[in-house]
Amino acid sequence: DTGVSQDPRHKITKRGQNVTFRCDPISEHNRLYWYRQTLGQGPEFLTYFQNEAQLEKSRLLSDRFSAERPKGSFSTLEIQRTEQGDSAMYLCASSWGPGSNTGELFFGEGSRLTVL
Amino acid sequence: GESVGLHLPTLSVQEGDNSIINCAYSNSASDYFIWYKQESGKGPQFIIDIRSNMDKRQGQRVTVLLNKTVKHLSLQIAATQPGDSAVYFCAEIGLGSARQLTFGSGTQLTVLP
């Protein structure tokens, strides 16, 4: 296992279209996170899964956003009716817990979304 | 509200010199801090962490200092190398069960030849 992988790496779409991103975490990790990062800013937390359960969602996650992790392995993040303000890098990260005594998250390389 | 911020957006250092990247935080209840490095086109990568019961922690070529009195932490990189050029973020662990990170806005470190 080489790390967290995300697909696609780049997505260009027109306003109003739906997009879906996929994340495959490190196989033994039970925790999975989605973050959003805009140019020049740090990543912002969107949502968190422990196994297949979505345990936390940020206020940033509007109703147009939905995330799933159906079998506790890979996860998808769908954005419906995209808006230009959704343009960002969507980062997935995974970790092992509870019981981990570190805050180390393993990030993927991200999926860059451009909404025209 | 709670925030984690950085003093300077950019820092340029000569190769071989030491680098110091600073970060201020506003939540006095924060008890765990992490430094991440993000190279262009890649996701953030963990560098080093520190808990509030410590004021210094050392890793390989990196040292993190925590001053709880003034709510400030810094990342020191010894003998900076070209491969150290990246954006550096400090982050704090949130209070929720998710242990989500709250990142600052980052400092771009450029290593000059």
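Rule-based calculations on the coordinates, nothing more; no lab input. What you are looking at is a predicted structure, and each value in this text was computed from that prediction instead of being measured. As a convention, Cβ positions derive from the backbone with ideal geometry for all residues, glycine included, and neighbour counts pool all protein chains shown.
Residues A:H10, B:H72, ranked from the fewest to the most other C-beta atoms within 10 Å, line up as A:H10, B:H72.
Going from the fewest other Cβ atoms within 10 Å to the most, the residues B:M54, A:M89 appear in the order B:M54, A:M89. Neighbour counts of other Cβ atoms within 10 Å put B:Y36, B:Y88 in the fewest-to-most order B:Y88, B:Y36. Phi-derived couplings, Karplus 6.51 cos²θ - 1.76 cosθ + 1.60 at θ = phi - 60°, listed residue by residue for region B:103-113: 9, x, 8, x, 10, 7, 9, 10, 9, 8, x Hz, with x used for Gly and Pro. Any chance you could tell me what percent of the C-alpha pair distances in region B:9-86 go past 22 Å? Counting pairs separated by more than 22 Å, the tail of P(r) holds 25 percent.
Remark: relative contact order (chain A) = 37 percent; criterion is Cα-Cα distance under 8 angstrom and separation of 6 or more residues. Computed over region A:7-59, the P(r) curve from all C-alpha pair distances, binned at 10 Å from the origin, holds 19, 44, 33, 4 percent per bin.
Treating each Cα of region A:63-116 as an identical point scatterer and summing with the Debye formula, the log10 of I(q)/I(0) at q = 0.13, 0.14, 0.15, 0.24 Å⁻¹ comes to -0.44, -0.50, -0.57, -1.05. For region A:27-116, the spherically averaged projection of the C-alpha convex hull amounts to 6.2 nm².
So which GluC sites (Glu not before Pro) in region A:37-116 pass both tests, a DSSP loop state and at most 13 other Cβ atoms within 10 Å of the Cβ? Those satisfying the criteria are A:E83.
Could you estimate the translational diffusion coefficient of the protein assembly as shown from the Stokes-Einstein equation, with Rh from the Kirkwood formula over C-alpha pairs, at 20 °C and 1.002 mPa s, in whole µm²/s? Diffusion coefficient, whole number: 118 µm²/s. Here B:K56 is the anchor, and the aspartates and glutamates within straight C-alpha reach of less than 14 Å, apart from those fewer than 8 places off in the same chain, are B:D31. Both radii are taken from the alpha-carbon atoms of region B:43-105; with Rh as the Kirkwood radius, Rg/Rh is 0.97. Take every pair of alpha-carbon atoms less than 8 Å apart whose residues are at least six positions apart; their mean separation over the length of region B:5-61 yields a relative contact order of 24 percent.
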